[in-house]
Amino acid sequence: MDRWKGRVALVTGASVGIGATIAKELVRSGMQVVGCARNVDKIKALAAECKSAGYSGVLIPFKCDLTNVEEIQSMFAAIKAEHKGVDVCINNAGLANPEPLLSGKTSGWKTMLDVNVMALSICTREAYQSMKERNIDDGHIINLNSICGHIVINMADAHFYTATKYAVSALTEGLRQELREAKTHIRATCISPGIVETEFAYRFYSDSPDKAKETYSHIKALEAIDVANAVVYVLSAPPHVQVGDIVLRPVEQQA
């Protein structure tokens, strides 16, 4: 990770869970990390924690609603003004609403598309343009995908979410192809975890905490640090190595 010291990374959805852990590990590695979320109070607390721990990097909280394209563009403009631009973009933000295909609410579907697909694509475009205008040829764009981006689990509540994650798989491979055609060495990777013990299930089953707890009780789930370590591994790969996708599963997970 030495070559990334002092470089700028953007981590979306950095307030909790996987995003917060990724941000922390990159700061530990010496990067300047812009962590964005709609509520930055937890990112501010994490920034103070990183500072008190003596990490060589710095965490910069930034308030941004990723469903609002103007706010995304304003965020990238601010990063350009204050830090020159983005060298690493980690599209971590994502959400799932329990909205089946036969009875789901249109608003729930739209929210998933806005965050999981549109925001990811807008941040990717803006990050690439930031790299291009500064002649950055070794940047990296990492998309947090899911095992649901590779298989369709027989679970009605998750089918539309699964569709958005299949989109992430296609977008990451399409990005790799476009970057190659542009004759750049900027890399594109997606990381696809199975069950990770975070707040995710509690948000998904917000009306049934017991069901959320059950999700994590029957097997030893992955932890957020496992995913963050995968991000560090990908960034640490030699510049000529393209890691296209990393699938992480708990040993006991069936699907």
Query - Mean separation of Cα contacts under 8 Å, 6 or more apart, over the residue count of the chain: relative contact order % - result: 18 percent
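If you roll a 1.4 Å probe over the heavy atoms of the protein chains, what accessible area per residue do you get for segment 1-76, in Å²? Write out the running numbers ahead of the final one.
Working: 3310 Å² over 76 residues.
Accessible area per residue, segment 1-76: 44 Å².
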Query raised in the report: Using a simple spin-label model with points 7 Å from Cα along the Cα→Cβ vector, what separation in nm is obtained for S236 and K44?
Result: 3.4 nm
Report summary line: Mean accessible area per residue over segment 89-211 (1.4 angstrom probe, all protein chains present, square angstrom) is 48 Å²
Report summary line: trypsin sites (Lys or Arg not before Pro) in segment 94-179 lying in a DSSP loop, each with at most 16 other Cβ atoms within 10 Å of its Cβ, come to K105, R134
Query raised in the report: Cα centroids of segment 1-38 and segment 204-255: how far apart, whole angstrom?
Result: 18 Å
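Count the DSSP beta bridges whose two residues both fall in the chain, then state the antiparallel fraction as a percent rounded to the nearest 5. Intermediate values should be presented prior to the final figure.
Numbers: 0 of 28 bridges.
Around 0 percent of the beta bridges assigned by DSSP in the chain are antiparallel ones.
Which loop-located trypsin sites (Lys or Arg not before Pro) does segment 1-91 contain, where loop means any DSSP state but H, G, I, E or B and the Cβ has at most 15 other Cβ atoms within 10 Å? Before the final figure, lay out each step's value.
On the way: sites: R3, K5, R7, K24, R28, R38, K42, K44, K51, K63, K80, K84; in loops: K5, R7, R38, K84.
Taking segment 1-91 and a limit of 15 other Cβ atoms within 10 Å, the loop trypsin sites (Lys or Arg not before Pro) found are K5, R38, K84.
Determine the relative contact order of segment 116-169: mean sequence separation of Cα pairs under 8 Å and six or more apart, normalised by residue count, in whole percent.
Over segment 116-169, the number comes to 40 percent.
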Report task. Would you grab the residues whose amide H sits under 5 Å from the one on A255? Only those 5+ places off in sequence or on another chain, please, with H modelled 1.01 Å from N. Result -> none
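Given the -39500 (n - 2.57) contribution per DSSP H run of 4+ residues, what per-residue ellipticity at 222 nm results for the chain, rounded to the nearest 500 deg cm²/dmol?
Numbers: 9 runs with 110 residues, N = 255.
Theoretical 222 nm ellipticity from helices: -13500 deg cm²/dmol.
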Report task. Using the Karplus curve 6.51 cos²θ - 1.76 cosθ + 1.60 with θ = phi - 60°, work out ³J(HN,Hα) for each residue of segment 175-189 in order, rounded to whole Hz, and write x for Gly and Pro. Result -> 4, 4, 5, 5, 5, 5, 5, 7, 6, 10, 9, 5, 9, 10, 9
Report summary line: Output for segment 192-255: trypsin sites (Lys or Arg not before Pro) sitting in coil per DSSP, at most 10 other Cβ within 10 Å, listed by number, reads none
Report summary line: When the charge dipole of segment 153-255 is computed with +1 on Lys and Arg Cβ and -1 on Asp and Glu Cβ about the Cα centre, the Cα farthest towards its positive end, among V251, A158, V232, belongs to V232
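Set the Förster distance to 35 Å, then compute FRET efficiency between I151 and E82 from the Cβ-Cβ distance, nearest 0.05. Walk me through the intermediate numbers first.
Working: r = 41 Å, r/R0 = 1.18.
Step by step, r from the Cβ atoms, then E = 0.25.
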Requested in this report: Mind pulling the angle between the C-alpha long axis of helix 224-236 and the longest principal axis of the chain? Nearest 10 degrees, somewhere in 0 to 90.
Outcome: 40 degrees
**Report entry** Spacing of the two label points (7 Å from each Cα toward its C-beta) at E133 and S103, in nm
**Finding:** 4.9 nm
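Report in % the part of the accessible area of the chain that belongs to carbon and sulfur, leaving out ligands and nucleic acids; probe 1.4 Å.
Numbers: 6590 of 12390 Å².
Reported share for carbon and sulfur atoms: 53 percent.
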Query raised in the report: Expressed as a whole number of Å, what is the distance separating the alpha-carbon centroids of segment 50-83 and segment 97-115?
Result: 28 Å
Query raised in the report: Counting only residues 5 or more places away or on other chains, whose amide H sits under 5 Å from the amide H of R187 once H atoms are built in the peptide plane?
Result: G139, H140, I141
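From the square roots a ≥ b ≥ c of the eigenvalues of the alpha-carbon gyration tensor of segment 98-185, which class results: rounded (a/c under 1.5), prolate (a/b over b/c), or oblate? Can you show the working numbers first?
On the way: a/c = 3.82, a/b = 2.25, b/c = 1.70.
Prolate, because a/c is 1.5 or more and a/b exceeds b/c.
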Query raised in the report: What's the angle, to the nearest 10 degrees (0 to 90), between helix 41-52's Cα axis and the longest principal axis of the chain?
Result: 50 degrees
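Rounded to the nearest 20 Debye, what is the dipole magnitude of segment 2-234 about its Cα centre when Lys and Arg each give +1 and Asp and Glu each give -1 at the C-beta?
On the way: 26 positive and 26 negative charges, 99 e Å.
In debye, rounded to 20, segment 2-234 gives about 480.
The values are calculated or read from the model by the stated rules, or taken from the named source; none is laboratory data. Everything numeric in this text was worked out from a predicted model, so none of it was measured. Using ideal geometry, Cβ is built from the backbone for each residue, glycine included, and neighbour counts are taken over all protein chains shown. With ligands, DNA and RNA removed, areas are computed over all heavy atoms of the protein, side chains included. Shrake-Rupley method; radii C 1.70, N 1.55, O 1.52, S 1.80 Å.
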